[in-house]
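J.: Starting off with a structure, shown below.
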Ligand code: NAD
Ligand code: UDP
């Protein structure tokens, strides 16, 4: 049994990770400030004597003895990370410093959930880990993109300078149950609009692409990465390489929900990356990992979740 800290553990991915780690027989400490996370996501774990929840903000130092740290704390949806952009940078950068400082002090292994956003609006397609990205440093997405890039820098500097045992993954668009109904990301927005019969709002032409990974696949990838041999640091892309336009996603959601919603095009989002698809050769080779749940099946499970949630 390992003792494992999950920051951002009450969020969408964090809650699935806590559950999986508990099911695997570990002791889990979930740390969250509930900015975008919710107690509802972890309520079903509360009775487990090996599960502990702590309200804490990662911008402040935190001390505990654990074997592993998964650092997920950071709002991930554009509307939430742009709500208080200075706080978003602090969460990524000071959160990384505080968690890396802890890992250094207690000799814990630490995994960072970085993002495909480090590639910005990419002019290399699909995106391999070697690509350094095309990021606007002063735009509305920069607080997230540059915050995550700086966090990666800190991870590698703590590794080089202090020998901290780091693992870095770059997550591409992941969706599934436990996304907050007001999360604002495209999959939850479209499903909720479709279920309510409201207009489905496509930002811009809808010809921009994303590659959507189902949450259970992603969690499997995170755990495999955390448990790789010493010296394997990443960064490693984790995502589903099947690429769709946002128009295709909207049509699929309408089909699967049987909704009468209309599709409407509204103003494009600022600095919206036009295409995104992971190269997952490294994940396949190093982690023996690839996604198993394709979009149609994953959307069905997510739609069922939102139907249950709305009673
Ligand atoms: P989420 O918003 O559901 O989860 C983030 C969690 O972090 C929430 O529970 C939130 O309350 C918590 N949090 C935010 N700021 C905090 C702070 N200062 N102190 C403590 N807790 C704080 O988002 P998610 O999709 O579950 O993302 C989890 C991680 O994965 C994030 O770091 C995100 O950047 C990364 N990621 C996710 C995706 C994706 O598609 N889901 C893609 C790339 C990267
Ligand atoms: N998007 C959209 N309608 C929405 C929400 C998002 O058309 O209601 C688009 C958005 O402009 C982007 C894509 O869907 O091109 C993915 O957006 P999301 O916020 O989910 O993630 P990210 O942009 O961070 O990949």
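J.: At q = 0.14, 0.20 Å⁻¹, what log₁₀ I(q)/I(0) does segment 136-234 have when each alpha carbon counts as one equal point scatterer in the Debye sum?
T.: -0.77, -1.17
J.: Helix 295-309 against the longest principal axis of the chain: what's the angle in degrees, Cα atoms only, rounded to the nearest 10?
T.: In the chain, helix 295-309 runs at an angle near 90 degrees to the longest axis.
J.: Give me the mean projected area, in nm² to one decimal, of the convex hull enclosing the Cα positions of segment 238-299.
T.: Orientation-averaged projected area of the Cα hull: 5.5 nm².
J.: If you don't mind, there's one more thing I want to ask. Considering only C-alpha atoms, what is the centroid distance from segment 42-107 to segment 121-159, in Å?
T.: So the separation of the two Cα centres works out to 20 Å.
J.: Starting from 0.36 nm per residue, how many nanometres of slack lie between residue 264 and residue 138 once their C-alpha separation is accounted for?
T.: Working it through step by step, the gained length comes to 42.4 nm.
J.: So if I average 1/r over every pair of distinct C-alpha atoms in segment 193-311 and take the inverse, what Kirkwood radius in Å does that give?
T.: 16.1 Å
J.: Then there is this: Show log10 I(q)/I(0) for segment 203-257 at q = 0.19, 0.21, 0.29 Å⁻¹, two decimals, from a solvent-free Debye sum over equal Cα scatterers.
T.: So the normalised log intensities are -0.76, -0.84, -1.13.
J.: Would you order 245, 257 from fewest to most other beta-carbon atoms within 10 Å of each residue's own beta-carbon?
T.: Listing 245, 257 from fewest to most nearby Cβ atoms yields 245, 257.
J.: Further question: Would you mind computing the Rg to Rh ratio of segment 1-140 from its alpha-carbon coordinates, Kirkwood style for Rh?
T.: Checking Rg against Rh, the ratio lands at 1.00.
J.: What do the square roots of 5 times the Cα gyration tensor eigenvalues come to for segment 72-210, in whole Å, largest first, as semi-axes of the equivalent ellipsoid?
T.: 30, 17, 14
J.: Among 205, 116, 259, which comes first, then next, by fewest other beta-carbon atoms within 10 Å?
T.: Listing 205, 116, 259 from fewest to most nearby Cβ atoms yields 205, 259, 116.
J.: I've got another one for you. Report the paramagnetic label zone for residue 309: residues of segment 185-201 whose backbone N is under 14 Å from a point 7 Å from Cα along the Cα-to-Cβ axis.
T.: Label zone hits: 185-196.
J.: Show me the three semi-axes of the equivalent ellipsoid for the chain, from the C-alpha gyration tensor (sqrt of 5 times each eigenvalue), largest first, rounded to whole Å.
T.: Computed over the chain, the values are 30, 22, 18 Å.
J.: Here is a further query. For segment 157-311, what does the relative contact order come out to in percent, with C-alpha contacts under 8 Å and a separation of six or more?
T.: Relative contact order comes out at 35 percent.
J.: Taking neighbour counts of Cβ atoms within 10 Å as a proxy for exposure, in what order, fewest first, do 148, 2, 167, 260 appear?
T.: Result, fewest neighbours first: 260, 2, 167, 148.
J.: How much length would be gained if the chain were fully extended between residue 281 and residue 245, taking 0.36 nm per residue of separation minus their Cα-Cα distance, in nm to one decimal?
T.: Taking residue 281 through residue 245 to full extension adds about 10.7 nm, to one decimal.
J.: How high is the relative contact order of the chain, given as a whole-number percent (alpha carbon pairs under 8 Å, six or more residues apart)?
T.: It comes to 18 percent, rounded to a whole number.
Laboratory data are not the source of any read-out in this text; all were calculated from the coordinates shown. Source: prediction; values computed, not measured. For neighbour counting, all protein chains shown are included, and Cβ atoms are generated from backbone atoms with ideal geometry for every residue, glycine included.
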